[in-house]
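K.L.:
After the structure tokens below, expect a handful of questions from me.
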Amino acid sequence: MLDSCGTSESGETPQALKALRRLTARPAESKHPGVERNGLVQKVLIQKAFYLVPTSNPVYDKQKKEEQNMTLKEWFEKGMTTQQYLDYMKVNKENTETILHKFEIPKEDEQILSSLSNQNLSVIILTEDWCGDAMINVPILLKLAEATNMHVRFLLRDENLELMDQYLTNGTSRAIPIFIFIDENGIEKAVWGPRAPEIQKMVEEARAELPDKEAEEFPEKQKAMYQRLMSYYVESPEAWTYVYNSIKKKFQ
């Protein structure tokens, strides 16, 4: 399965996201400078005398091994606070904050909020700022966390694949966001993500109306589809309610 904010088993960005990411993601930065020659970019590889690149990095290997053995509580402690994540954001920040300010927890949910508060839960959010699904889901979760005194920490998916790969959607996709709820002892109590069922259905129906990928009009139609979805995410209280109710059901 490929999700709009996920990856394939090989770790590649899904084809369906490319049009949107060209609009929202940061410009790519090459790790190797290039030179323009005859219209072709050739990478410049600099090799220093007597210098050999090791086939493995002991420091990196040690870090990976340690991450493989990390508990959820340790992953939580590694994460960014809400304010640190908001300060970090370069993409979708304004829309995320718009939803955060406009969405309100229904007053009739006082009972479930009280029950959640008594559980002393914390939540790990696996996400990336360029993800449109995170743009709507994260602020709804933050409002729920605020109302229930739930502690929140953010981990960037692409920098924490050891954890991400334990929460693949359908066992194959690194789809985000993923919310991992833990108790005081770091024991997993619930997992949610990456979409509310109603929104997943809406996305699937919108994709089904697209022309064949080989069709000339496909890129334009795909771009328009994502723009409609993004507007719906930001402007529709109905969409926010779908997300809120879906998360809430995890604790009912």
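K.L.:
Would you check if Lys90 is at pLDDT 50 or above and either farther than 27 Å from Val191 by Cβ or surrounded by fewer than 12 Cβ atoms within 10 Å (Cβ to Cβ) (or both)?
P.N.:
So Lys90 fits the description; yes.
K.L.:
Something else now. Please go through (1) modelled with pLDDT of 95 or more; (2) buried (at least 17 other Cβ atoms within 10 Å of the Cβ); (3) part of a helix (DSSP H, G or I) for Glu74 and return the number of the only condition it doesn't satisfy.
P.N.:
Unmet for Glu74, out of (1) modelled with pLDDT of 95 or more; (2) buried (at least 17 other Cβ atoms within 10 Å of the Cβ); (3) part of a helix (DSSP H, G or I): (2).
K.L.:
Determine which single condition Asp133 fails, assuming it passes every other condition in (1) more than 20 Å from Cys5 (Cα to Cα); (2) surrounded by 10 or more Cβ atoms within 10 Å (Cβ to Cβ); (3) out of contact with any strand residue (DSSP E or B) (no Cβ under 6 Å at 6 or more places or on another chain); (4) at pLDDT 90 or above.
P.N.:
Only one criterion is unmet by Asp133, namely (1).
The values are calculated or read from the model by the stated rules, or taken from the named source; none is laboratory data. Please read all numbers here as calculations on a predicted model, not as lab measurements. Backbone-built Cβ (ideal geometry, glycine too); neighbour counts: all protein chains shown.
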